[in-house]
Amino acid sequence: IDDSDGVVSFVASYREAGKTIEHHEVSQFRRDDDGVWRFVAGDTRALVVEPKRTAGAAKVGRNDPCPCGSGKKSKFCCGR
């Protein structure tokens, strides 16, 4: 590939203080004369995201596995 400019966009989610945070980033890169990609500029945003509940969805019990997929019981994970 002979590209000399590129853009990377991604979203990473994590939990902090019981809230889900989504980190959005769009970064620009440029290939230098040696063929090495270098970071040029970026735009980042962190958004607090409330869990989405669908109407009529079954409630998760305290001893059920956490719906976030951590493998922990709900009461020890997102249910706190």
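Computed quantities for the displayed model
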read-out	value
Net charge contributed by nearby residues that have their C-beta within less than 13 Å of Ala12 (K/R +1, D/E -1)	-1
Contact order normalised by residue count of the chain, Cα under 8 Å, 6+ apart, percent	21 percent
Within the accessible area of the chain (1.4 Å probe), percent carbon and sulfur	50 percent
Heavy-atom accessible area per residue - the chain, 1.4 Å, Å²	85 Å²
Among Gly42, Gly18, Gly61, residue whose mean-square fluctuation peaks in a GNM of the chain (springs only between Cα atoms under 10 Å)	Gly61
The range 1-53, dipole about Cα centre (Lys/Arg Cβ +1, Asp/Glu Cβ -1), debye to the nearest 20	540 debye
Label assignment, Kirkwood radius over Cα pairs in Å derived from the structure, set (i) 16.3; (ii) 15.9; (iii) 14.4	(ii)
Karplus-derived 3J(HN,Hα), 6.51/-1.76/1.60, for each residue of the range 34-49, Hz, glycine and proline x	8, x, 8, 7, 10, 5, 10, 7, x, 10, 10, 8, 10, 10, 7, 10
Whole-Hz couplings from phi, Karplus 6.51/-1.76/1.60, listed for the range 16-33; x for Gly and Pro	9, 6, x, 10, 8, 10, 10, 9, 9, 9, 10, 10, 9, 10, 9, 7, 7, 5
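The values are calculated or read from the model by the stated rules, or taken from the named source; none is laboratory data. In this text, all values refer to a predicted model and were calculated from it rather than measured experimentally. In this analysis, Cβ positions are derived from the backbone assuming ideal geometry, glycine residues included, and neighbour counts consider all displayed protein chains. Surface areas here come from the heavy atoms of the whole protein model, side chains and all, with no ligands, DNA or RNA. Shrake-Rupley method; radii C 1.70, N 1.55, O 1.52, S 1.80 Å.
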